[in-house]
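A.B. asks: Could you have a look at this structure, given as structure tokens, before my questions?
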Amino acid sequence: MPETPFAELTPQTAPATSRRIMEATRQRLGFLPSATARLAVSPHMLEGFTRMSAAFEATTLDQLARETVVLTVATRNECHLCVAMHTRTLRSLRADEALIEALREARPLPDARLEAVRVFTLEVLDRSGAVAPEALDAFLAHGYTAEQALEVVLGIGAYTLSTLANRLTGAPVDPELEPFA
């Protein structure tokens with residue numbers, strides 16, 4: 001297999017404009033994920049994902065709903081690294097194990113409200129945003145808003161960017177994430 005052009009950079013070897021984000025990521029997570037080290041090859045990509053994911057984190061969706069969007073995209077796009085990373089996040093939140101397993105296995109969730117998020121996320125992806133009125137109504141019927149429907153789209157965008165980039169660069173699951181893989 002040919003060597004990848006996506007080397008794992010360090011804050012010392014990365015472009016200067018990637019270094020700040022790399023260090024902030026290391027501080028926040030306690031380690032520098034291989035995905036970040038590979039995305040650093042493109043400071044624009046690294047910054048774009050960082051800004052989009054921060055914007056998604058600031059939405060009105062609660063944290064479990066946001067993680068539902070992320071894991072739905074990650075399993076659909078077969079990003080094993082993302083599945084491990086966000087399984088770790090859900091376990092740190094003490095999310096129900098049945099919820100985590102259902103998300104990882106891309107099957108219906110035991111929580112009806114979060115299942116509405118999962119189904120709506122898949123509908124947006126499968127129909128390229130042109131969701132049927134009934135699908136939007138079903139999402140709204142669970143107490144979500146039009147604003148939150150658009151926030152789901154933001155999450156889909158951020159994590160489609162991440163999952164595709166991680167697969168392109170061949171970023172492996174980090175040792176810190178192996179227990180969650």
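The values are calculated or read from the model by the stated rules, or taken from the named source; none is laboratory data. All values derive from a computational prediction rather than experimental measurement. Counting neighbours? That spans all protein chains shown, and the Cβs are built from the backbone with ideal geometry, glycine included. These accessible areas exclude ligands, DNA and RNA; they are computed on the full protein's heavy atoms, side chains included. Shrake-Rupley method; radii C 1.70, N 1.55, O 1.52, S 1.80 Å.
A.B. asks: Name, by its number, the condition in (1) farther than 30 Å from A138 by Cβ; (2) at pLDDT 95 or above; (3) open to solvent by less than 70 Å² (accessible area, probe 1.4 Å); (4) out of contact with any Pro (no Cβ under 8 Å at 6 or more places or on another chain) that does not hold for V83.
C.D. replies: If we test V83 against (1) farther than 30 Å from A138 by Cβ; (2) at pLDDT 95 or above; (3) open to solvent by less than 70 Å² (accessible area, probe 1.4 Å); (4) out of contact with any Pro (no Cβ under 8 Å at 6 or more places or on another chain), just (1) comes out false.
A.B. asks: Please enumerate the residues belonging to the stretch 153-174 that are within 12 Å of the chain's Cα centre (by Cα) and open to solvent by less than 40 Å² (accessible area, probe 1.4 Å).
C.D. replies: Within the stretch 153-174, G155, I156, G157, A158, Y159, T160, S162, T163, A165, N166 meet the criteria.
A.B. asks: Which condition number in (1) among the aliphatic types (A, V, I, L, M); (2) part of a helix (DSSP H, G or I); (3) touching a residue at least 24 places away in the same chain (Cβ under 8 Å) is the one that A171 fails?
C.D. replies: Result: A171 fails condition (2) only.
A.B. asks: State yes or no: is F56 part of a helix (DSSP H, G or I) and either surrounded by 20 or more Cβ atoms within 10 Å (Cβ to Cβ) or in contact with an Asp or Glu (Cβ under 7 Å, 6 or more places away or on another chain) (or both)?
C.D. replies: It is true that F56 is part of a helix (DSSP H, G or I) and either surrounded by 20 or more Cβ atoms within 10 Å (Cβ to Cβ) or in contact with an Asp or Glu (Cβ under 7 Å, 6 or more places away or on another chain) (or both).
A.B. asks: Pick out the one residue from A95, A135 that is at pLDDT 95 or above, more than 11 Å from the chain's Cα centre (by Cα) and not in a helix (DSSP H, G or I). Outline the logic, then answer.
C.D. replies: Numbers: A135 fails: not in a helix (DSSP H, G or I).
None of the others qualify; the one that does is A95.
A.B. asks: Continuing with this model, one more query. Filter the stretch 116-132 down to residues that are open to solvent by 50 Å² or more (accessible area, probe 1.4 Å) and small (G, A, S) and give me whichever is farthest from the chain's Cα centre (by Cα).
C.D. replies: A130
A.B. asks: Under 8 Å between Cβ atoms, at least 6 apart or on separate chains: pull out the pairs that start in the stretch 91-107 with a residue that is without any contact (Cβ under 8 Å) to a residue 12 or more places away in the chain and end on any residue that is part of a loop (DSSP other than H, G, I, E, B).
C.D. replies: Hits for this filter: A102/P108; A102/L109; A102/P110.
A.B. asks: In the stretch 24-46, what count of residues is obtained for those that are open to solvent by 50 Å² or more (accessible area, probe 1.4 Å), closer than 15 Å to P11 by Cβ and part of a helix (DSSP H, G or I)?
C.D. replies: 4
A.B. asks: Starting from the stretch 146-158, keep only residues that are under 14 Å from L71 (Cα atoms), then list their pairs with residues that are small (G, A, S) and assigned to a helix (DSSP H, G or I) whose Cβ atoms are within a distance under 6 Å, requiring at least 6 positions of separation or different chains.
C.D. replies: Taking only residues 6 or more apart or on different chains, the pairs are A158/S53.
A.B. asks: Let me ask another. On the given criteria, is E101 of a type outside the set (F, W, Y) and either more than 23 Å from E176 (Cβ to Cβ) or open to solvent by 70 Å² or more (accessible area, probe 1.4 Å) (or both)?
C.D. replies: Details: of a type outside the set (F, W, Y): yes; either more than 23 Å from E176 (Cβ to Cβ) or open to solvent by 70 Å² or more (accessible area, probe 1.4 Å) (or both): no.
It is false that E101 is of a type outside the set (F, W, Y) and either more than 23 Å from E176 (Cβ to Cβ) or open to solvent by 70 Å² or more (accessible area, probe 1.4 Å) (or both).
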